[in-house]
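> There's a structure below that I have some questions on.
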Amino acid sequence: AVATVGYGLYPVADGAAQVAQVEEALAWAEAGAPLPPDGEPRRRLLNAGARLSVVGHSAGGQLSAAALLGRSGGEATGAGVASIGSLALLSAPLELRRHVLHEAS
C-alpha cells in the first residue's frame with residue numbers, strides 16, 4: 001500500500017504544524033492505516049506492526065526527517081522510529097535546527 005501525506009503549506013501552517021501533521025500520518029500508518037467504518041468490520045490497509053518505508057522529496061523530506069527526529073528525541077534510533085524500515089530523503093534541505101526544530105521550541 002502507498003499513502004501520500006498532505007500537510008498545510010507555509011505561511012498558513014508553520015514548520016511545527018507541518019511536522020505535527022506528518023507525525024499524525026506516521027501514527028496512522030503505524031496503527032495499520034485503519035479505514036473509516038463502512039458497515040464492514042474495521043478494515044486496515046496494513047498489518048499493525050508492519051515496517052514502513054518513508055520517502056520525502058524537498059520540503060517533504062525535511063518534514064519527514066524532523067518528524068522522525070522529534071519522535072526519537074533527536075536520535076536516529078529508538079522506540080520512536082522502530083517501525084521505520086527505510087527512509088529516503090530526496091533533495092531535502094536539512095537545516096532542521098534552524099528551520100523546523102527551532103520553531104517548535
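The values are calculated or read from the model by the stated rules, or taken from the named source; none is laboratory data. On a predicted model such as this, the values are computed, not experimentally measured, just so you know. Note that we place each Cβ from the backbone using ideal geometry, even for glycine, and neighbour counts take in every protein chain shown. Side chains are part of the model used for accessible areas, which takes the heavy atoms of the whole protein and leaves out ligands, DNA and RNA. Shrake-Rupley method; radii C 1.70, N 1.55, O 1.52, S 1.80 Å.
> N47 versus (1) in a loop (DSSP other than H, G, I, E, B); (2) open to solvent by less than 90 Å² (accessible area, probe 1.4 Å); (3) at pLDDT 70 or above: which is the lone unmet condition?
(2)
> Continuing with this model, one more query. With S53, S64, S58 as the choices, which residue is under 10 Å from the mean Cα position of the chain (by Cα), of a type in the set (S, T, N, Q) and modelled with pLDDT of 85 or more?
Every option except S64 fails the conditions.
> Do any residues in the range 1-15 that are farther than 14 Å from L45 by Cβ and open to solvent by less than 100 Å² (accessible area, probe 1.4 Å) have Cβ atoms under 9 Å from those of residues that are hydroxyl-bearing (S, T, Y) and in a loop (DSSP other than H, G, I, E, B), where the two are at least six apart or on different chains, and which pairs are they?
Correct list of pairs: A13/Y7.
> Is at least one residue of the range 25-43 modelled with pLDDT under 80, part of a strand (DSSP E or B) and of a type outside the set (D, E, K, R)?
yes
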